[in-house]
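Have a look at the structure below, then the notes.
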Amino acid sequence: MDSWSTPLAPPTVDVVVSLPGSKSITARALVLAAVADGPSRLVRPLRARDTDLMAAGLRALGVGVTEDGDDWLVVPGPLRGPATVDAGLAGTVLRFLPPVAALADGPVTLDGDERLRERPNAGLIEGLRGCGVTVDDGGRGRAPFTVHGTGAVRGGTVTVDASESSQVVSGLLLAAARFTDGLDLRLAGGVPSMPHVQMTVETLAEHGVLVQRTDTGWRVHPGPVAAVDRVVEPDLSNAAPFLAAALVTGGRVTVRDWPLRTTQPGAQLEQLLVVMGADVQRTADGLQVTGGETVRPLVADLGEVGELTPVLAALCALADGPSRLTGIAHLRGHETDRLQALDEVLTAVGATVTQLPDGLEITPGPLRAAELDSYADHRMVMAAAVLGLAVEGVVVRDPGAVAKTLPDFTDRWAQLLAPGVGAMG
Ligand SMILES: O=C(O)C1=C[C@@H](OP(=O)(O)O)[C@@H](O)[C@H](O)C1
Ligand SMILES: C=C(OP(=O)(O)O)C(=O)O
């Protein structure tokens, strides 16, 4: 599909939605299973471009990742080079695989899409060097680069700059139990997306790794990584557009199997959507969101939940007052420069947008039809779909970008809006 005419909202939406597994949990589960001391089973892993690339990258290093029905079976093997890894546009592959590759017994080259070559990675590369690993990046601090694995990584005390992505911290922590001296990771500055770092720490603990918070960062003790069979939670960030539809339509959307407790940043939708005028309840089915009379504006620091920004910003353009979203400077290094892309898209449908150094001010205006780009960004397609509920004539070019985390998004969106559908997924 070259372009997609997004559907307008029907008079009522009252649907229970099931969603595939979390990208972030699937990525961590794959990496830890790959360095574990036995085979692991992943139940309901996300099958999408990012996680398929992670599996393919691990296979290239000698790890067995095979399908058993809808499950993945992961069988660790000696990590080997030479190998090449295609990271596509996946930040998780870009930052989680190089520390694993450093444990291989030969060179591993990582590259990906044109835009991946622009995504910042100097923090990770410098961090690996601090662990004693030779990395050849031509001085760019970005892909493509080659990690020269020697079969062992020293580790030790390392100061890293993770201000551009929390994935720098997560990537180093995930492999660190296999470093000879473990890792005492010290932060040189701030780190966005802290719930994702907490997710890493908790997943490590579930694999029997001893990881401690320190004054300046985290310490991972060297030792074995236990194999774990795990059922992957639904992806709560990908729930955002579906729940947003309840607010835009004044309808009701329930996401099934919403975890009672989770480190996924999408959990914060529960509070954020209340601020935006929704009624939110946990029911026997899951998380139920009911839209109010209008969408209320949002003034919030989204630094912890940056990946929710595109859909929340789309809601802001449909709100009954101006919004201000801050704490998200690092979104300029995501799949696209999301602050620039959101400025362009929201302006095209009639909002007035001001870019701040670390965010956006969004003042809704009279809505108008527009042809929007996807910017090769799954979440920009989802944001356009939310706008299209309220704006007749929204067309998105290259909607296939959703394959990054939710390949059948447009079908699911059509089902959400189909009359009398009740339950889907
Ligand atoms: O660790 C993870 O799984 C992720 C961390 C975050 O990255 P940043 O800290 O680079 O925003 C998030 O935006 C990304 O979608 C997934
Ligand atoms: C920032 C995102 O992805 P990545 O893991 O590629 O950084 C995202 O999914 O919103």
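Per-structure values
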item: Enumeration of residues in the range 260-280 that are surrounded by 14 or more Cβ atoms within 10 Å (Cβ to Cβ), assigned to a loop (DSSP other than H, G, I, E, B) and out of contact with any Leu (no Cβ under 8 Å at 6 or more places or on another chain); result: Thr263
item: Pairs where the first residue, in the range 153-168, is in contact (Cβ under 8 Å) with a residue 12 or more places away in the chain and the second is within 10 Å of ligand 1 (Cβ to nearest atom) and of a type in the set (Lys, Arg), C-beta under 7 Å, 6+ apart; result: Ser165/Arg95; Gln167/Arg95; Val168/Arg95
item: Yes/no for Ala29 being part of a helix (DSSP H, G or I), small (Gly, Ala, Ser) and away from ligand 2 (no atom under 14 Å from the Cβ); result: yes
item: Some residue of the range 329-340 being more than 15 Å from ligand 1 (Cβ to nearest atom) and within 26 Å of Pro120 (Cα to Cα); result: yes
item: Residue in the range 10-26 that is surrounded by the most Cβ atoms within 10 Å (Cβ to Cβ), counting only those that are hydroxyl-bearing (Ser, Thr, Tyr) and in a helix (DSSP H, G or I); result: Ser24
item: Selected residue [in contact with a strand residue (DSSP E or B) (Cβ under 6 Å, 6 or more places away or on another chain) and either within 26 Å of Thr254 (Cα to Cα) or away from ligand 1 (no atom under 16 Å from the Cβ) (or both)] from Thr290, Thr326, Thr294; result: Thr290
item: Of residues in the range 132-186 being β-branched (Val, Ile, Thr) and within 16 Å of ligand 1 (Cβ to nearest atom), the one farthest from Ala90 (Cα to Cα); result: Val160
item: Hits in the range 176-196 - residues which are closer than 17 Å to Asn121 by Cβ and either within 16 Å of ligand 2 (Cβ to nearest atom) or part of a strand (DSSP E or B) (or both); result: Leu185, Leu187, Val191, Pro192, Ser193, His196
item: Filter pass, Asp111 being touching a Leu at 6+ places or on another chain (Cβ under 9 Å) and surrounded by fewer than 22 Cβ atoms within 10 Å (Cβ to Cβ); result: no
item: Among the candidates Asp14, Asp70, residue that is more than 15 Å from ligand 2 (Cβ to nearest atom), of a type in the set (Asp, Glu) and assigned by TED's automatic domain parsing to the domain that holds Ala102; result: Asp70
item: Gly420, sole failed condition from (1) away from ligand 1 (no atom under 16 Å from the Cβ); (2) at pLDDT 95 or above; (3) not aromatic (Phe, Trp, Tyr); result: (2)
item: Given (1) more than 26 Å from Arg186 (Cα to Cα); (2) within 16 Å of ligand 2 (Cβ to nearest atom), index of the condition Asp105 fails; result: (2)
item: Residue match in the range 42-52 (condition: farther than 30 Å from Ala369 by Cβ, assigned to a strand (DSSP E or B), in contact with a strand residue (DSSP E or B) (Cβ under 6 Å, 6 or more places away or on another chain) and assigned by TED's automatic domain parsing to the domain that holds Val209); result: yes
item: Subset of the range 253-305 (residues that are small (Gly, Ala, Ser) and touching a residue at least 12 places away in the same chain (Cβ under 8 Å)); result: Gly266, Ala267, Gly277, Ala278, Gly286, Gly291, Gly292, Ala300, Gly303
item: Test: residue in the range 265-283 that is within 15 Å of ligand 1 (Cβ to nearest atom), small (Gly, Ala, Ser) and under 24 Å from Gly359 (Cβ atoms); result: yes
item: Condition met for Gly223 (away from ligand 1 (no atom under 16 Å from the Cβ), surrounded by fewer than 16 Cβ atoms within 10 Å (Cβ to Cβ) and on the phi > 0 side of the Ramachandran plot); result: yes
item: Residue list for the range 195-204, restricted to those being more than 9 Å from ligand 1 (Cβ to nearest atom) and either surrounded by fewer than 18 Cβ atoms within 10 Å (Cβ to Cβ) or in contact (Cβ under 8 Å) with a residue 60 or more places away in the chain (or both); result: Gln198, Glu202, Thr203, Leu204
item: Residue, farthest from His196 (Cα to Cα), within the range 77-112, restricted to residues that are within 16 Å of ligand 1 (Cβ to nearest atom) and in contact with a Gly (Cβ under 6 Å, 6 or more places away or on another chain); result: Gly112
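Quick grid of which residues meet (1) assigned by TED's automatic domain parsing to the domain that holds Arg397; (2) surrounded by fewer than 24 Cβ atoms within 10 Å (Cβ to Cβ); (3) more than 16 Å from ligand 2 (Cβ to nearest atom); (4) more than 20 Å from the chain's Cα centre (by Cα):
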site: Val299; (1), (2), (3), (4): yes, yes, yes, yes
site: Gly303; (1), (2), (3), (4): yes, yes, no, no
site: Glu307; (1), (2), (3), (4): yes, no, no, no
site: Leu315; (1), (2), (3), (4): yes, no, yes, no
site: Ala319; (1), (2), (3), (4): yes, yes, yes, yes
site: Pro322; (1), (2), (3), (4): yes, yes, yes, yes
site: Leu325; (1), (2), (3), (4): yes, no, no, no
site: Gln340; (1), (2), (3), (4): yes, yes, no, no
site: Leu356; (1), (2), (3), (4): yes, yes, yes, yes
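The values are calculated or read from the model by the stated rules, or taken from the named source; none is laboratory data. In this text the structure is predicted, and so the values were computed from the model without any measurement. A quick note on method: Cβ atoms are made from the backbone with ideal geometry, for glycine too, and the neighbour counts reach across all protein chains shown.
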